[in-house]
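The values are calculated or read from the model by the stated rules, or taken from the named source; none is laboratory data. Model, not experiment: these values are computed from the prediction. Cβ placement follows ideal geometry from the backbone for every residue including glycine, while neighbour counts extend to all protein chains displayed. Heads up: the accessible areas ignore ligands, DNA and RNA and are worked out on the full protein's heavy atoms, side chains in. Shrake-Rupley method; radii C 1.70, N 1.55, O 1.52, S 1.80 Å.
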Amino acid sequence: QLTPSSFLRIGQLSNVDLNEDIHELETEVPRQHPNEIPHNEKLLSLKYESLDYDNSENQLFLEEERRINHAAFRTVEIKRWVICAMIGILTGLVACFIDIVVENLAGLKYRVVKDNIDKFTAKGGLSFSLLLWATLNASVVMVGSLIVAFIEPVAAGSGIPQIKCYLNGVKIPHVVRLKTLVIKVCGVILSVVGGLAVGKEGPMIHSGSVIAAGISQGRSTSLKRDFKIFEYFRRDTEKRDFVSAGAAAGVSAAFGAPVGGVLFSLEEGASFWNQFLTWRIFFASMISTFTLNSVLSVYHGNAWDLSSPGLINFGRFDSEKMGYTIQEIPIFIFMGVVGGILGALFNALNYWLTMFRIRYIHRPCLQVVEAMLVAAVTATVGFVMIYCSRDCQPIQGSSVAYPLQLFCADGEYNSMATAFFNTPEKSVVNLFHDPPGSYNPMTLGMFTLMYFFLACWTYGLTVSAGVFIPSLLIGAAWGRLFGISLSYLTKGSIWADPGKYALMGAAAQLGGIVRMTLSLTVIMMEATGNVTYGFPIMLVLMTAKIVGDYFVEGLYDMHIQLQSVPFLHWEAPVTSHSLTAREVMSTPVTCLRRIERVGTVVDILSDTSSNHNGFPVVESNADTTQVAGLRGLILRSQLIVLLKHKVFVERANLNLVQRRLKLKDFRDAYPRFPPIQSIHVSQDERECMIDLSEFMNPSPYTVPQEASLPRVFKLFRALGLRHLVVVDNRNEVVGMVTRKDLARYRLGKEGLEELSLAQT
């Protein structure tokens, strides 16, 4: 099924992030795509590399740490706080920019279409208005999809699965680049203005993470500029901590929920956690929501009134009118069950759709066409629903931004139009707060049904877009419908306020789709500004998660699995105690001697079939009868720097090496180490020796070959390792455990299953 040309892609060096220009050349060759890409979700891809969360404590590192005195450590700590403040401010500003641009562009579009519809309602010929609306949508979405598909495909979707993987320790290429941020922001603006069923909240998390990664490194690879600041933080450990702060700042800018942001980062992301980190992340979130608040308040012209803490504001829920009684709790739990079932249905449909997309719609041009099709269909469905709806509401006393009259009497507007003819955020707030009787049950039912399928079709398109707001909107619509039917049943009793049920429905639907519990409860509480609802929201979310998990996993986990990412969950699979390290590890291991021939090193690094990233260093004895015990571990990236600077024993003896290598040389090469092909080693140099003693990590983590899988897993996951050496009782290297060896084992329907590894 695969043409030979598509195998060329597979041979690329996957672990070294090739410089842009080389990358472009290599990917230009295979252009004749096969019509169908066979895809199997029971695979793990080998193209993803791990991040090194564990510092390599070699002699250079220890010397530098010993040189730093107490005062210098204080400056480093102060720098961390400064970076967190900058992350917060910039994330807030990006959110403001998105919000203001979307508001103006969408307002312009709706005004044009509304005037057009009003004009043609009088004299007939409404099909022209439909054409105008669909064309406007499709052309805006076309631009948004083009930039994503052709410039930076990583910017597609909400970016939450990618950031989850990054914080889990998987290196996803280009995920925290400046280019990705620019495309992400423009893409979100265009897809929301283009009227797709998407929100601008999810992508804020990705944007925050990119900002964090960029600031903390003090340089930009996309701009090819190095600002020579924050050089101490150029390693995976620090970068990953800052990225979790950026993700939290993104959540808090999106929902005005700083505590929710911290909890999101804790629940979804970081695998390593401590008190100081929590406090810094909270600081970044607070700064971000405050920045957004002040800028938007100035923009709206009331500079002293900080009234818009997040991109979406659910508005105030008053406790007096909206209290709940004890007999409503079973009703809320029932709503949670409905939300879980609907969420599972949404995820299952999206799963089949994504499989179809991976197999058949993998060419960028096809992806753009599909996005335009969805945009046009969304507009058409909206128009037809508004056209067929006979649900008229009096205009006075209602706060509709763009009231469409259509076939209603004078002084009335079409209430279906408030749901479709608006940005999704505004529609959610309307569903929460419009007084009872603003919506006809028929309208709500039709809207829920249509929007459910539209949102499901839209998620996974090649546009930047979040799934938060559409799920809230679907939930709010069926929740309000539920509230209205309760009023009918109880003959209009006071406690069946539809707005309250709209809120619970929104929580149930969102919980059923993304399956977050802790952070989502807090986000909903902070966004509504009401603590009274904490308990019912928690109940609803728990029920939705339990019911949904019974059928299918959460949307983000599902997309991570579809991309075959070696993702490590919190715990090893429950039934895996029977496996030991001996069965899990990869063998044979390529070892290096402590003093090794340069030619051997170059050959090992150039061997594309093995493609290892960490090499155990063993004692170099001429006498082969003696045991070659483990002495340390050295990484591919370190070896490449050594070869590049030509640190050979012979040259050191002849005093040809200008200076000793410092840690700074390794930091300057981070994060894109040059590929081995670009390093030229002459024939004479191949005969030199290279001494690894002061560059290798002399105390790598090891585990005996009898250790059980859960034990190995715990060690690996908690310390954020990349390589774990397996030794026998004589301290000889027998194998190596990497992320892929552990992520292979998963609990399936029948019990423990082992995934196969694939190059693609």
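List of remarks:
- Remark on the chain: Cys84, Cys96, Cys165, Cys186, Cys365, Cys388, Cys456, Cys591, Cys688 stand apart, with no other cysteine beta carbon under 4.7 Å.
- Nearest-ten-degree value, helix 275-299 long axis tilted from longest Cα axis of the chain: 40
- Within the full protein context, the accessible area of Thr702 is estimated at about 60 Å² for a probe radius of 1.4 Å.
- Crossing angle, helix 534-551 versus the chain [Cα axis fit, 0-90 degrees, rounded to tens]: 70
- Labels on offer are [x] 1.19; [y] 1.04; [z] 2.21, and the one holding Cα Rg over 2.2 N^0.38 Å computed from this structure is [y].
- Accessible-area order (highest first, 1.4 angstrom probe) of the listed residues Glu750, Glu231: Glu750, Glu231
- Considering only the stretch 581-758, percent of DSSP beta bridges that pair antiparallel, nearest 5: 75
- Flagged links, alpha-carbon separation over 23 Å, of Lys662/Lys740; Lys171/Lys714; Lys47/Lys200; Lys47/Lys164: Lys662/Lys740; Lys47/Lys200
- Applying 1/(1 + (r/R0)^6) with R0 = 51 Å to the Cβ-Cβ distance of Thr380 and Arg316 gives a FRET efficiency near 0.90.
- The value of relative contact order for the chain, using C-alpha pairs under 8 Å at least six residues apart, is 19 percent.
- Each label was represented as a point 7 Å from its Cα along the Cα-to-Cβ direction; for Asn611 and Lys714 these points are 3.3 nm apart.
- Accessible surface comparison of Met204, Met446, probe 1.4 Å, protein chains only, largest first: the order is Met446, Met204.
- Computed over the stretch 320-563, the P(r) tail beyond 28 angstrom holds 34 percent of alpha carbon pairs.
- In the chain, the DSSP beta bridges split such that about 75 percent are antiparallel, to the nearest 5.
- Here the accessible area of the chain is 62 percent carbon and sulfur, with a 1.4 angstrom probe and all protein chains present.
- Estimated 222 nm signal from helices in the chain, with DSSP H stretches of n ≥ 4 weighted -39500 (n - 2.57), rounded to 500: -18000 deg cm²/dmol
- Listed residues Glu619, Glu583, Glu63 arranged by accessible area, highest first, probe 1.4 Å: Glu583, Glu63, Glu619
- Rounded accessible area of Tyr701 (nearest 10 Å², 1.4 Å probe): 90
- The alpha carbon radius of gyration of the stretch 581-758, expressed as a multiple of 2.2 N^0.38 Å, is 1.14.
- Under the combined filter of DSSP loop state and at most 15 neighbouring Cβ atoms within 10 Å, the stretch 175-263 retains these trypsin sites (Lys or Arg not before Pro): Lys224, Lys228.
- Highest-first arrangement of 349-356, 602-609, where packing means the average Cβ count within 10 Å: 349-356, 602-609
- For the chain, the per residue solvent-accessible surface stands at 42 Å², with DNA, RNA and ligands left out and a 1.4 Å probe.
- Cβ crowding within 10 Å averaged over residues, with 253-262, 159-168, 303-312, 129-138 ranked highest first: 253-262, 159-168, 129-138, 303-312
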